[in-house]
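Structure record follows, encoded as structure tokens.
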Amino acid sequence: MLIGLLGKTNVGKTTFFNAATMLNAQVADHPFTTIEPNVGVAYARTRCVCKEFNVKDNPKRSLCIDGNRFIPVKMIDVAGLVPDAHKGRGLGNKFLDDARQADALIHVVDASGSTDNEGRPCAIGMNDPLNDIQFVELEFDLWLTSIVSRDWAKNAKEAEHRGIKFEHLLAKRLSGLSISEPVIVNVLQEVSKDKGRYSQWDERDIFEFARALRLRSKPIVIAANKADISTAKENIRRIQATGRIVIPCIAEAELLLKRAAAKGVIEYIPGDPTFKVKDHALREEQKRALERVRILMQEYNGTGVQQSIDATCFNALNLIVVYPVEDADRLSDKDGNVLPDAFMLKQGSTAKDLAMHVHSELAEHFLYAIDARSKQRLGAEYRLKDRDVIKIVSAR
């Protein structure tokens with residue numbers, strides 16, 4: 001799974017990336033600091049099943065900290081956007097091209113309004129972050145429209161004359177965007193009412209389709225960054241009133257906590273609403289900085305970085321977490337690792353989908369699955385539930 005970081009320049013996007021992945025991508029207060037995309041691994045947090053089963057888990061590809069499972073997700077931070085990016089202004093086309101394969105997007109916004117529409121610092125509160133959200137979404141929609149509209153009329157007429165489905169041709173056109181054909185079919189059905197044949201669609205019709213396709217295939221979570229600045233609170237309330245998924249965020253605070261925890265100064269689990277100081281031999285300046293972060297975390301129930309990742313996975317993408325095992329009694333793999341893996345799958349995924357996720361041969365030779373809780377046999381079409389622990393039985 002890939003999460004892309006959207007946003008105009010100089011809003012704390014790379015600080016968010018560093019805090020989420022603990023990499024040291026370059027940060028500066030001027031546009032286009034990020035030119036080549038930074039790629040790292042972040043983690044989605046969920047409650048592990050280890051305590052329910054009263055076992056000590058031994059995960060291979062994820063982490064479990066005090067009953068909290070952290071499942072790796074790939075994250076890409078690319079060049080910031082400026083108005084008219086879809087026309088190639090700034091590094092817009094490069095950004096949009098780098099983000100095209102993302103399954104979901106986190107849009108990092110300067111909630112304080114202290115950067116103008118070009119990403120330059122301005123007086124606090126002078127810029128409206130709602131405008132930033134709208135322009136970034138519009139740039140993405142216009143870029144997607146430019147791809148969708150290429151040869152639209154030609155392909156539509158070809159589909160009509162040859163009696164083939166237009167959505168097949170469109171899916172081929174969009175094959176590099178990680179958008180499945182079923183999604184394309186559903187969106188076409190939604191927006192095609194009263195529009196006539198596809199060959200008769202005009203630019204506005206195609207734009208509406210592209211926008212609906214983006215909303216369905218590239219869900220966006222708003223990370224309302226710089227929430228610690230005085231002007232941010234009212235702006236966050238206004239953004240939330242639009243119905244978007246909005247997480248108040250202080251990326252600098254999360255980065256400070258991660259670095260302090262790495263040095264053994266504090267105990268902190270990402271996503272927790274507070275932390276514990278371990279090293280009391282701190283300078284007064286360090287103590288004040290940590291105390292200020294603690295107060296901010298109390299107000300927002302955390303720094304918002306981990307919460308943004310979790311909201312992307314579990315709210316925007318509606319993913320569930322499933323634990324595959326080879327031994328349904330010991331909850332282990334063949335090497336004895338207890339609860340070795342935790343996979344995030346789409347709601348509605350089946351036992352056979354899980355088998356395919358583990359290994360294609362398991363799916364090819366699938367016989368049945370076993371629910372580790374009830375020990376019941378499950379068929380290939382069994383719809384998985386969040387926190388299921390499943391054994392796959394195959395002919396090989």
### Test: residue in the range 294-302 that is closer than 30 Å to PRO273 by Cα, of a type in the set (A, V, I, L, M) and touching a residue at least 24 places away in the same chain (Cβ under 8 Å)
yes
#### Entry: Test: residue in the range 299-316 that is touching a helix residue (DSSP H, G or I) at 6+ places or on another chain (Cβ under 6 Å) and either surrounded by fewer than 20 Cβ atoms within 10 Å (Cβ to Cβ) or within 23 Å of ALA102 (Cβ to Cβ) (or both)
yes
### Query
Of the residues that make up the range 51-59, is at least one at pLDDT 80 or above, outside any loop (DSSP other than H, G, I, E, B) and within 27 Å of LEU256 (Cβ to Cβ)?
no
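Residue-wise test of (1) at pLDDT 95 or above; (2) not in a strand (DSSP E or B).
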site	(1), (2)
LEU345	yes, no
LEU354	yes, yes
GLU361	no, yes
LEU367	yes, no
ARG373	yes, yes
ALA380	yes, yes
ASP386	yes, yes
LYS391	yes, no
### Task
Evaluate the range 133-149: report whether one residue or more is among the hydrophobic types (A, V, I, L, M, F, W, C), in contact with a strand residue (DSSP E or B) (Cβ under 9 Å, 6 or more places away or on another chain), outside any loop (DSSP other than H, G, I, E, B) and modelled with pLDDT of 90 or more.
yes
## Note on the structure
Restricting attention to the range 132-178, the residues that are without any contact (Cβ under 8 Å) to a residue 40 or more places away in the chain, surrounded by 13 or more Cβ atoms within 10 Å (Cβ to Cβ) and within 30 Å of SER230 (Cβ to Cβ) number exactly 1
### Query
Out of all the residues in the range 97-109, which are assigned to a helix (DSSP H, G or I) and crowded, with 21+ Cβ neighbours inside 10 Å?
ALA99
### Query
Does ARG294 qualify as being in the same structural domain as ALA104 (by TED's automatic domain parsing) and either exposed (fewer than 12 other Cβ atoms within 10 Å of the Cβ) or in a loop (DSSP other than H, G, I, E, B) (or both)?
no
### Message
Consider the range 110-131. How many of its residues are farther than 12 Å from ASN10 by Cα and not in a loop (DSSP other than H, G, I, E, B)?
### Response
3
### Residue in the range 179-224 that is surrounded by the most Cβ atoms within 10 Å (Cβ to Cβ), counting only those that are outside any loop (DSSP other than H, G, I, E, B) and among the small types (Gly, Ala, Ser)
ALA223
### Task
Could you please give the count of residues in the range 239-275 that are assigned to a helix (DSSP H, G or I) and of a type in the set (S, T, N, Q)?
1
### Task
Scan the range 180-196 and give yes if some residue there is out of contact with any helix residue (DSSP H, G or I) (no Cβ under 6 Å at 6 or more places or on another chain), within 15 Å of VAL305 (Cα to Cα) and touching a residue at least 12 places away in the same chain (Cβ under 8 Å), otherwise no.
no
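Quick grid of which residues meet (1) in a helix (DSSP H, G or I); (2) outside the structural domain of LYS233 (by TED's automatic domain parsing); (3) of a type in the set (Val, Ile, Thr):
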residue: ASP279; (1), (2), (3): no, no, no
residue: GLN286; (1), (2), (3): yes, no, no
residue: ALA289; (1), (2), (3): yes, no, no
residue: GLN306; (1), (2), (3): yes, no, no
residue: PRO324; (1), (2), (3): no, yes, no
residue: ARG330; (1), (2), (3): no, yes, no
residue: ASP335; (1), (2), (3): no, yes, no
### From LYS346, LYS391, LYS352, residue being under 26 Å from ALA44 (Cα atoms) and in contact with a Phe, Trp or Tyr (Cβ under 9 Å, 6 or more places away or on another chain)
LYS352
### Residues of the range 308-322 classified as among the aromatic types (Phe, Trp, Tyr) and assigned to a strand (DSSP E or B), total
0
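The values are calculated or read from the model by the stated rules, or taken from the named source; none is laboratory data. Keep in mind that what you see is a predicted model, and the values were worked out from it rather than measured. Backbone-built Cβ (ideal geometry, glycine too); neighbour counts: all protein chains shown.
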